[in-house]
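Participant: Shown below is the structure under consideration.
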Amino acid sequence: MQRRAFLRSACLNSFAVAGAVGCLPVSAWASDTENMALSVEQLPPLEGDLTLYLGRGEGGLYENVLEAIRKRNPKFNLQVRRGVTAALANTIVAESKAGVRRADVFWAVDSGAIGLVADAGLARPLPAALSGQLKPGFQYPQWAPVTGRIRTLPYNTERVTPERIPDSVMALADSDLSIGWAPAYASFQSFVTAMRLLEGEQATADWLKGVSERARSYAGELGVVMGVERGEVDIGFANHYYTLRLKSGKPEAKVDLAFTNNDAGCLVNASGILALSEGDLPINFIRYLLTREVQSYLAREAYEIPLVNGVQPPQGLPALSAISPPKLDLTQLADLRPTLNLMRRVGVL
């Protein structure tokens, strides 16, 4: 707790001591460093009113980032509406149909929700200089991925050797390994959506049936990782950071990470943000979330993957270049309804 409080203070101070520079319009941001993450010291001060719709995520860490931004920008009036990411996305679309716009910016913990809003034609285009700071494969014209999370196979190091774990997620349906999963969890459903898009509906249905015969269900993916570590199951399906967080507090934990190859089992999903209203303020607010300070803080404390150039990934995780995720437009994960229908039809929901 003392370490977390110290790091939180360091994050806040990094904003507070940064020197304010003259307020620049969005069009003035091109520079020879546009492809690298900026520091908060290079950003213009934020002034005026802004309403953020914030999907729940990572405990209070996102709130710490917002507090730091407020502290550095005393003339910035930030109002925050919090809720479940998918529900907020639906609210934004419903408000637009009613002729109302209450949100200026939407920060979602899942790219599928971003896709839902973008597909409704509500997202503003982002400047090329902003998108250019993001890693290749994560540059989108209407939204900015903030941090990434990799689908992984946490495994019990006393029950399973790495050689027993197939490098294809589809092969797990025919393996003899006991498996932990959280079918009702949003991240798992995004993973199944990716599988449906990549492999087809019938192959996904067969996979769900096969895995369900040896699967133990948990309420969430932290529960999956803890179940793996306790030896309740051999392996599980979970985002990478649950294992890294467990091991940070329990270095001797009997769990490690395996990765599949070029399939939904190693999908790199992302939290993301988009601007809904006109003007420089929403865009410049987004720039704060892509700074070295914020990206480093979320990598260090939340174990999320920085998606801007020049910021190190969390300890204990291979570089993105060493992983082979499938090629998939993350906004396609918004097509969740067929996935839920499929999971219900198969009987895993």
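The values are calculated or read from the model by the stated rules, or taken from the named source; none is laboratory data. Not measured: the values here are computed from a predicted model. Every residue, glycine among them, receives a Cβ derived from its backbone with ideal geometry; neighbour counts consider all protein chains shown. The area values use the complete protein model at the heavy-atom level, side chains included, leaving out ligands, DNA and RNA. Shrake-Rupley method; radii C 1.70, N 1.55, O 1.52, S 1.80 Å.
Participant: At q = 0.14, 0.16 Å⁻¹, what is the base-10 log of I(q)/I(0) for the range 34-189 according to the Debye formula with one equal point scatterer per Cα and no solvent? Please give it to two decimals.
Facilitator: -0.90, -1.07
Participant: Another question, then. Helix 292-301 against the longest principal axis of the chain: what's the angle in degrees, Cα atoms only, rounded to the nearest 10?
Facilitator: 30
Participant: Under 10 °C and 1.306 mPa s, how fast does the range 197-299 diffuse according to Stokes-Einstein, given a Kirkwood radius computed over C-alpha pairs? Answer in µm²/s, whole number.
Facilitator: 93
Participant: Please work out, to two decimal places, the log10 of the ratio I(q)/I(0) at q = 0.16, 0.17 Å⁻¹ from a Debye calculation in which every Cα of the range 150-206 carries one identical scatterer.
Facilitator: Values, matching the q order: -0.57, -0.64.
Participant: Here's a follow-up. Please work out how much length the chain gains when fully extended from Ser39 to Arg82, using 0.36 nm per residue of separation minus the C-alpha to C-alpha distance, in nm with one decimal.
Facilitator: Computed gain between Ser39 and Arg82 is 12.8 nm.
Participant: Moving to a separate point now. If amide H atoms are built 1.01 Å from N in the plane of the peptide, which residues on other chains or at least 5 residues away come under 5 Å of the amide H of Asn269?
Facilitator: HN-HN under 5 Å from Asn269: Arg149, Arg151.
Participant: Still on this model: By how many degrees, between 0 and 90 and to the nearest 10, does the Cα long axis of helix 61-72 differ from the longest principal axis of the chain?
Facilitator: It is inclined by approximately 10 degrees.
Participant: What length, rounded to one decimal in nm, is gained on full extension from Gln139 through to Val93, with 0.36 nm per residue of separation minus their alpha-carbon distance?
Facilitator: Stretched fully, the Gln139-Val93 segment lengthens by 14.2 nm.
Participant: How much mean residue ellipticity at 222 nm does the chain get from its helices, if each DSSP H run of length 4 or more adds -39500 (n - 2.57) and you divide by all residues, to the nearest 500 deg cm²/dmol?
Facilitator: That calculation yields -11000 deg cm²/dmol at 222 nm.
Participant: Taking amide H positions as placed in the peptide plane 1.01 Å from N, state which residues far from Arg102 in sequence (5 or more) or on other chains have amide H under 5 Å from it.
Facilitator: So Arg102 has HN proximity to no qualifying residue.
Participant: How far, in degrees from 0 to 90, does helix 201-212 lean away from the longest principal axis of the Cα atoms of the chain, to the nearest 10?
Facilitator: Tilt of helix 201-212: around 60 degrees.
Participant: I would also like to ask the following. Taking all protein chains in place and a 1.4 Å probe, what share, in percent, of the accessible surface of the chain do carbon and sulfur account for?
Facilitator: Within the chain, the accessible surface is 50 percent carbon and sulfur.
Participant: Using Cα positions and a limit of under 15 Å, work out the aspartates and glutamates in reach of Lys135, with same-chain residues fewer than 8 apart set aside.
Facilitator: By straight Cα distance, Lys135 reaches Glu34, Glu304, Asp329.
Participant: Here's another thing I want to ask about it. Quick check: pseudo-label points 7 Å beyond the Cα along Cα→Cβ at Arg337 and Ser277, how many nm apart are they?
Facilitator: The modelled label-to-label distance comes out at 3.0 nm.
Participant: Moving on to the next point. Out of residues 5 or more away from Gly231 or on other chains, whose amide H comes under 5 Å of its own, with H placed 1.01 Å from N in the peptide plane?
Facilitator: For Gly231, no residues qualify.
Participant: Counting pairwise Cα distances across the chain, what percent come out greater than 30 angstrom?
Facilitator: For the chain, the fraction of Cα-Cα distances above 30 Å is 37 percent.
Participant: In the chain, once you exclude exposed trypsin sites (Lys or Arg not before Pro) (DSSP loop, at most 16 other Cβ within 10 angstrom), what's the longest stretch remaining?
Facilitator: It runs 255-326.
Participant: Here is a follow-up. With the other protein chains left in place, how much accessible area per residue, in square angstrom, belongs to the range 279-349 at a 1.4 angstrom probe?
Facilitator: For the range 279-349, the per-residue accessible area is 41 Å².
Participant: For the range 279-346, rounded, prolate or oblate, judged on the Cα gyration tensor with a ≥ b ≥ c (square roots of eigenvalues), a/c < 1.5 rounded, else prolate if a/b > b/c?
Facilitator: Oblate, because a/c is 1.5 or more while a/b does not exceed b/c.
Participant: Follow-up. Roughly how many nanometres apart are two label points built 7 Å out from the Cα toward the Cβ at Ala120 and Asp167?
Facilitator: It works out to 4.3 nm between the two label points.
Participant: So between Arg345 and Lys75, what do we pick up on full extension, going 0.36 nm a residue minus the alpha carbon distance?
Facilitator: Residue separation times 0.36 nm, minus the Cα-Cα distance, leaves 91.9 nm.
Participant: Here is a further query. Ignoring ligands, DNA and RNA, what accessible area per residue does the range 161-247 give at 1.4 Å, in Å²?
Facilitator: That works out to 38 Å² for each residue.
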